[in-house]
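The values are calculated or read from the model by the stated rules, or taken from the named source; none is laboratory data. No experiment lies behind these values; they were computed from the predicted model shown. All Cβ positions, even for glycine, are placed from backbone atoms using ideal geometry, and neighbour counts span all protein chains on display.
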Amino acid sequence: MERNHRGIIAREGLPFILPPAVFTLSAAALGYRFSAFVLFLITFFVVWFFRNPERVTPQEPAYIISPADGKVIVVEENAAHELLAAPAKKVSIFMNVFNVHVNRAPCEGRVEEIRYYPGRFLSANLDKASAENERNAVLLERKDGRRILTIQVAGLIARRIVCWISKGMEVEKGERFGMIRFGSRLDVYMPPETRILVKTGAKVRAGETPIGELP
């Protein structure tokens, strides 16, 4: 799975990159310099949005790693979700259009459940977006039996949640598992004994930044 998504550009971006690139070259060939310049900037932004950089993931078994680039907007000590049997600690990360949008597994484990929820497209930085927006929940179970739930939440502009994994698969910590187009949010639910390592407003990087530590 991971080797299929290691390109420097996420392959889901190609249908968005090729049209403006073709128009840019056409405008340049016809001598429309200003139009070519504007189209080049659009093409550059779309390429930048779909970038897919390599990351070095900390292998400390106790760490739960951020699944997304962005800013921490919620740290909740007592959160609940229907896929979890007990209350959990929750960290929400908001991705703006300038962040890398490829999502990575917060821990190693087996995919126990993937559940899609249709919904609205409210701004992803609103608290009610977690419950009302279109979203995709990925439940991982570690070898020690503890479960980590990651939810991809669509936003105001984001209209396409992509998930590359399926139920029953084994994933590695930091492995790419999907993305959301364009601007969105990820919610991470961790066991109640987790020590949260980030605060509201903190900047995090997918596959690199520890957001929680298990005892």
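Yes or no, residue by residue, for (1) in contact with a Ser or Thr (Cβ under 8 Å, 6 or more places away or on another chain); (2) over 28 Å from Asn136 (Cα atoms); (3) surrounded by 13 or more Cβ atoms within 10 Å (Cβ to Cβ); (4) in the same structural domain as Ala202 (by TED's automatic domain parsing):
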residue	(1), (2), (3), (4)
Glu12	no, no, yes, no
Pro15	no, no, no, no
Pro19	no, yes, yes, no
Leu25	no, yes, yes, no
Leu39	yes, yes, yes, no
Thr43	yes, yes, yes, no
Val56	no, no, no, no
Ile73	yes, no, yes, yes
Ala79	no, no, yes, yes
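Please determine whether any residue of the range 179-191 is crowded, with 21+ Cβ neighbours inside 10 Å and among the small types (Gly, Ala, Ser).
Yes: the range 179-191 contains one or more residues that are crowded, with 21+ Cβ neighbours inside 10 Å and among the small types (Gly, Ala, Ser).
Exactly one of these conditions fails for Ala88: (1) farther than 23 Å from Ala21 by Cα; (2) under 17 Å from the mean Cα position of the chain (by Cα); (3) buried (at least 20 other Cβ atoms within 10 Å of the Cβ). Give me its number.
(2)
Report those strands (runs of 3 or more DSSP E) wholly inside the range 137-190 carrying at least 1 residues which are over 21 Å from His81 (Cα atoms).
Numbers: elements: 147-153, 160-163, 176-181, 184-190.
Counting at least 1 such residues, we get 160-163, 176-181.
Just one of the numbered conditions (1) outside any loop (DSSP other than H, G, I, E, B); (2) surrounded by 15 or more Cβ atoms within 10 Å (Cβ to Cβ); (3) not aliphatic (A, V, I, L, M) is not true of Glu113; which one?
(2)
Residues to consider are Ala105, Ala129; find the one that is under 18 Å from Gly207 (Cα atoms), surrounded by 15 or more Cβ atoms within 10 Å (Cβ to Cβ) and of a type outside the set (Ser, Thr, Tyr).
Ala105
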